[in-house]
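Here the structure is laid out as structure tokens; the discussion comes afterwards.
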Amino acid sequence: MKNRFHFKIGGLAGEGIMVTGAIFSKFAVRSGYNVMDFAEYPSLIRGGHNTFYGTISNEEVFSTYHQIDLLIALNQETVKFHKQELNSGAGIIYDPDEFSQEAIRGIRLFPIPLLRLAEQAGHKLMANTVALGAMVYLTAGKLEILNSVLKDIFADKKEEVIKGNFKAAKLGFDFSQDKFTPLGQLLKMRHSGVKMVIAGNEAIALGAIAAGLKFAAIYPMTPISSILTYLAAHEREAGIVLRQPEDEIAGINMAVGASFAGVRSLVATSGGGFALMSETLSLAGITETPVVVVFGQRAGPATGIPTWTAQEDLLYALTAAQGEYPRIILAPADAEECFHQTAEAFNLAEVYQTPVIVLVDKFVCEAHQSLKEFDLGKVRIDRGKIGKSRTVFPRYQLAIDGISPRAFPAKGVVVKANSDEHDEYGLSDESVKNRKAQVEKRMKKVATLVRKVPALNLYGPRKANLTIVGCGSTKGPILEAISGLSVQNPKLKVNFLHLNWLRPFPADVVSETLKRAEKILLIENNYQGQLGQWLRMQTGIEIKDRLLKYDGRQFYPEEITTKIKQII
Amino acid sequence: MTVKDYETGVTPNWCPGCGNFGLWQALKQAVAELGLDPGEIVIVAGIGCHGHINNFTQVSSFEGLHGRPIPLATGIKSANHDLKVIVSTGDGDCLGEGGNHFIHASRRNHDITVLIHNNASYSLTTGQSSPTSPAGYKSKSTPYGKTEEALNPLALALSAGATFVSRGFVGDVPHLTDLMKAAIQHPGFAVVDILQPCVVFNKEFTFEYYRQRVYKLERTSTERSLALKEVLARNDKIGLGIFYQSKEPSYEEKVQLTKQKALVNQPLKNYNWRKLSNEFY
């Protein structure tokens, strides 16, 4: 019996596909299921081909798939583009007044006059809601649960809009009930229906706020723009000052300034913006100013394919900027990790007084997952060594662990930060003795930190026929592939070494784990196998078997399953 | 407070006769007369001969990257608007590398003071031409004469929206001191273009050259377009004083959250979790 249900909505940009998809995801969650969803869109505002797709399950689900059980085709080319993904027995909802669809073997067609019914309900703009009603019927769902979602989504709209949408949904539901039988029953509910549906970007924003974020300066760039949007909409409730800078260089300099003056600060960007910010990372490094930088990777180089995902900037993020200074790079792989690791990033930045990069990618940023709630109790705040006020503060005082006490400029407290090499009081100093002392002081922080890198995540049995290695958005598809295989082939033991701390690199633990492995498979979203290269640099271990994808799409569990079977 | 209270004791390494000495004297004098606490003053400098000012001046400071003191300064101000934030920047630092930031900070009317150490030269890198060197100017990078015309920093500041636009000259320290005081006290974005001869690399714009051309402005305009006209006037004279000043709400005044208390003094946990997470359910 199938325990994963895959739906996909396709059409032109500007048709409200994302909102419609989001409503259905919420409907699924309130019905007691778990969901993962994702939107694909080209870099334009109207036209093109947009899709929203999701996977629903009674079990925990970690990734979307590359197959469809119910396709909602708002235009003809949607069918053309996604025909190959349809499972046997899948269904297609479409408007026969818009286009005619010939029969497809093994596929159920659901012709529903969406526009006509929408007009009946009050306005043709509600065609999508009609489709939602149909989707609810076809998945044997409850209309009142859909209505509860509609009520919340349209809460700030006029009464007649909400009523109109209720009517539209009912018309779609009733029409389908009249003409068709459901596709199948989704498996029995598993949870109470009270779960969040949230993407990595918003989870990052929440993690930052929970950690005491006070200042953010974000320039819009796919795929992190929704961090800016969310923070802007919630400045008040979050207690933050948010600025949209003139460029990314300004943004990160503002954040460094704000941090120097004493508040936790954040910036977020993608590859091009990160390139602009890189000199300032170096500034934060030498001035020992905390700052958290969210780097959402997308497919490059340069402008690349702006709205598509990749993990091509791994080595770049790991080594960016001139000079040597403590570099900390975390790589959360899903919304849950985004929340907790972002919160922790602020502690690391302030304790080690250095920039921290939170490295994600478009799939992590924008895919939504259902989860219970974020445990605020797990968020701890550590502002590191704050020194006693002194008239002239020795900001860069030599220390055994490399960490000098910090102070903020204030009445009676002179604090100097300096991008030049400097002495303990922040005055420029080029002498040999001082230079060596300050370099060693800064780099000592790495030695201090390395001992504190948390234990790695190894998913699956300790002993396995195959150990998969990956980071970031490959985690979800890998877990899905492994769980699917364990049902199909219980004899096959596969485990997954998930790297979400990239620098400093937990070399000892990784070496030890990989030396025990029978076979190893590296999976990443780039051409050069950058994670593999980094791993080899840190441990000396070269992973021969690699599954690399660089077409702008995230991994699908199906292709991982195929590769695993090939190897073992 | 006296001038000595604002000195680190490190002997300035500017060349003998450098215009920066006059500028530095005026700055120390200005903050002493205003009675400002050294910790509460933050001088944010870029990179150039001007940048070294932080090594000699006993105030809080941040020497940042070339061209980037302005955004750094506005970030500091956002975090703690009780601090008196003064940007020390050069003509190359401010108008070349950092031009974009100068324009936008002017527009936003941040309550900071920008002192442009304008010597029309990139002196620290041993003498290339800069955005304010004139056409024909001979330098290491323009040995046959600079092609393009000089940028007019005050015209740029005025058209970008700065609310205090002025010029001073290091050859008249008392006048410059008063100008700096007015700029620091101005509750908005204050620009002071400071003519500063570079005795080693700029053989054209010498003290003598300036002395023959400077004149004191008779009055300050409150009409932006008139001030712009004055600043763009093509004659051999160079006006000193406040060309334009207006009273408009600064950026910081408009931020609701920090109206009562500086951001840095607000509690770390200052959020409404229910309102923040509600939309995800």
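From the gyration tensor of the Cα coordinates in segment A:185-282, what semi-axes in whole Å does the equivalent ellipsoid have, largest first, with each one equal to sqrt(5λ)?
31, 16, 11
With a Cα-only, solvent-free Debye model of segment A:1-52, what are the log10 I(q)/I(0) values at q = 0.22, 0.28, 0.32 Å⁻¹?
Debye intensities relative to I(0), on a log10 scale: -0.79, -1.06, -1.25.
Cut-off under 19 Å on the C-alpha distance; same-chain residues fewer than 8 positions from B:K269 excluded. Which lysines are left, in chain and number order?
A:K214, A:K378, B:K259, B:K261
Over what distance in Å are the Cα centres of segment B:130-164 and segment A:163-232 separated?
Using only Cα atoms, the two centres lie 53 Å from each other.
Cross-link partners among lysines for B:K237, C-alpha distance below 17 Å, same-chain residues fewer than 8 apart left out?
Answer for B:K237, where 17 Å is the Cα cut-off: B:K216, B:K229, listed by chain and number.
Tally Lys and Arg at +1 and Asp and Glu at -1 over the other residues with C-beta under 13 Å from the C-beta of A:A22: what net charge comes out?
Residues close to A:A22 contribute a combined charge of -3.
Let me know the shape class of segment A:385-452, please: from the alpha-carbon gyration tensor, a ≥ b ≥ c as square roots of the eigenvalues, rounded when a/c is under 1.5, otherwise prolate if a/b is greater than b/c, or oblate.
Numbers: a/c = 2.64, a/b = 1.25, b/c = 2.11.
Oblate, since a/c reaches 1.5 and b/c is not below a/b.
Size of chain B along its principal axes in angstrom, Cα-based, largest extent first?
Cα spread of chain B along its principal axes, largest to smallest: 69, 44, 37 Å.
Along the charge dipole of segment A:457-567, Cβ charges K/R +1 and D/E -1, which of A:I523, A:L466, A:I560 sits furthest on the positive end?
A:L466
Return one number: the angle in degrees, 0 to 90 and rounded to the nearest 10, between the long axis of the Cα atoms of helix A:127-138 and the longest principal axis of the Cα atoms of chain A.
Value to nearest ten degrees: 80.
Given segment A:1-144, what count of lysine pairs have C-alpha atoms under 15 Å apart, with each pair 8 or more places apart or on different chains?
Eligible lysine pairs with Cα atoms under 15 Å apart amount to 4.
Which loop GluC sites (Glu not before Pro) in segment B:245-281, with loop taken from DSSP, have no more than 13 other Cβ atoms within 10 angstrom of their Cβ?
On the way: sites: B:E252, B:E253, B:E279; in loops: none.
Answer in residue order: no site qualifies.
How would you rank A:V197, A:V351, going from fewest to most other Cβ atoms within 10 Å of each one's own Cβ? Don't skip to the end; give the middle numbers.
Details: A:V197 24, A:V351 19.
So the residues, fewest neighbours to most, are A:V351, A:V197.
Rounded, prolate or oblate: pick one for segment A:197-378, where a ≥ b ≥ c are the square roots of the eigenvalues of its C-alpha gyration tensor, a/c under 1.5 means rounded, and failing that, prolate if a/b is larger than b/c, else oblate.
rounded
Give me B:H104, B:H117 ranked fewest to most by other Cβ atoms within 10 Å of their Cβ, as a rough exposure proxy.
With the fewest neighbours first, B:H104, B:H117 line up as B:H104, B:H117.
If the cut-off is 22 Å between C-alpha atoms, which lysines fall inside it for A:K463, apart from same-chain ones fewer than 8 positions away?
A:K463 reaches A:K475, A:K491, A:K493, A:K515, A:K519, A:K544, A:K563, A:K565.
For the protein assembly as shown, build the charge dipole from Cβ charges (+1 Lys, Arg; -1 Asp, Glu) around the Cα centre, then report which of A:G323, B:F201, A:P394 sits farthest towards its positive end.
A:P394
Work out the length of the dipole vector of the protein assembly as shown about its Cα centre, built from +1 on the beta-carbon of each Lys and Arg and -1 on the beta-carbon of each Asp and Glu, and round it to the nearest 20 debye.
The calculated dipole for the protein assembly as shown is roughly 1580 debye.
Tell me, what ³J(HN,Hα) does each residue in segment A:173-180 have, in order and in whole Hz, if you take phi through Karplus 6.51 cos²θ - 1.76 cosθ + 1.60 with θ = phi - 60° and put x for Gly and Pro?
4, 5, 4, 5, 4, 5, 9, 10
For chain B, give the magnitude of the charge dipole about the Cα centre (Cβ charges: +1 Lys/Arg, -1 Asp/Glu; no others), in debye to the nearest 20.
Values: 28 positive and 26 negative charges, 95 e Å.
Rounded to the nearest 20 debye, it is 460 debye.
Quick check on chain B: helices-only [θ] at 222 nm, where DSSP H runs of length 4 and up contribute -39,500 (n - 2.57) each and the sum goes over total residues. Nearest 500, please.
Using -39500 (n - 2.57) per qualifying helix, the result is -8500 deg cm²/dmol.
Can you list the GluC sites (Glu not before Pro) in segment B:180-221 that are in a DSSP coil and have 11 or fewer other beta carbons within 10 angstrom?
Here the sparse-neighbourhood loop sites are B:E218.
Sort A:S88, A:S57, A:S428 so the one with the fewest other Cβ atoms within 10 Å of its own Cβ comes first.
Least crowded to most crowded, the residues run A:S88, A:S428, A:S57.
Can you list the trypsin sites (Lys or Arg not before Pro) in segment A:1-92 that are in a DSSP coil and have 15 or fewer other beta carbons within 10 angstrom?
Sites meeting the loop and neighbour criteria: A:K2, A:R46.
Read-outs throughout are calculated quantities, based only on the coordinates presented, and are distinct from any laboratory measurement. Model, not experiment: these values are computed from the prediction. Positions of Cβ are generated from backbone atoms using ideal geometry, with glycine treated the same way; all protein chains shown enter the neighbour counts.
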